[in-house]
Amino acid sequence: MKELSWYEKLQKNLKDFLDEAERKKLLEGSEDIDKADAAAKAAWVKNVMEKFDRLIPDEKDRWEIMKGCSCSCQDDSMADYKAEYDKHKDIDKLIEYLHGRAFLNKPIREGNRIYITKAPAFPDEYKKAKTQEQKRYYFCHCEYARAADSELSPTYCYCGAGWCQRIWEGILDRPVKIEIVESVLQGGEVCKFAVII
């Protein structure tokens, strides 16, 4: 089954939090947004996120909605990851196993925290980038966020954090807390998350 687009996921996730009129107002201008050029996507997502932050004042609710928009690219491998963990019930062995599979950069464990630093979305372009803006652009994995550059609400990064949370909760079969340590959208050099296990 084809994965829903980011916009389609957002639309679906909002149903538990906003009535139909509020959803229409929030998502105004979304017709064919997935086919729009980068400038149109940037303008649309900036506007949506500004309204989103106002309409959804509770941070936990914003987190849940955005987490649900995250990429499901690791879902097909989740059973293998979970089986590997279930064999040993050892987080350090799991980290070794996940390195190069779920995470290109090796996760770093410090006590009950596991630090995940994402790899650039476009590694070759990232290496050749001359400016910080170019580096941030080539690092970011989301086309909507890349289009908007650094002028996007910090709430948007809950989506990327949700990707990380989705993986760890799928493996451990229990809730985990995620903190955003660094984000290229917020001026950081990388996107880095702390998983509290």
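Relative contact order, whole percent, for the stretch 75-196 stands at 25, derived from Cα pairs under 8 Å and 6 or more residues apart.
The count of lysine pairs in the stretch 74-140 that are at least 8 places apart or cross chains, and whose C-alpha atoms lie under 29 Å apart, stands at 19.
Where both bridge residues fall in the chain, DSSP classifies roughly 95% of the beta bridges as antiparallel. The stretch between E22 and V181, if pulled fully straight at 0.36 nm per residue, gains 54.1 nm over its current Cα-Cα span. The length gained on full extension between A38 and K12, counted as 0.36 nm times the residue separation minus their Cα-Cα distance, comes to 7.1 nm. Calculate, for R174 and E59, the FRET efficiency according to 1/(1 + (r/R0)^6) with r their C-beta to C-beta distance and R0 22 Å; round to the nearest 0.05. Efficiency for this residue pair is about 0.50. In plain terms, the residue of S153, S5, S183 with the fewest other Cβ atoms within 10 Å comes first and the most crowded comes last, giving S5, S153, S183. Of the residues H141, H99, the one with the fewest other Cβ atoms within 10 Å heads the list, and the complete ranking is H99, H141. Model label sites at N105 and E50, defined 7 Å from Cα along the beta-carbon direction, differ in position by 3.1 nm. Computed from label points 7 Å out along Cα-Cβ, the spacing between A83 and T131 is 4.9 nm. Taken over the Cα atoms of the stretch 104-197, the convex hull encloses 93 Å³ per residue.
What the pair-distance distribution of the stretch 6-67 shows, using all Cα-Cα distances binned every 10 Å from zero, is 21, 59, 20, 1 percent.
Values in this text are rule-based calculations from the coordinates and carry no lab data. Since we're looking at a predicted model, the values are computed, not measured. Note: ideal-geometry Cβ built from the backbone for every residue, glycine included; neighbour counts use all protein chains shown.
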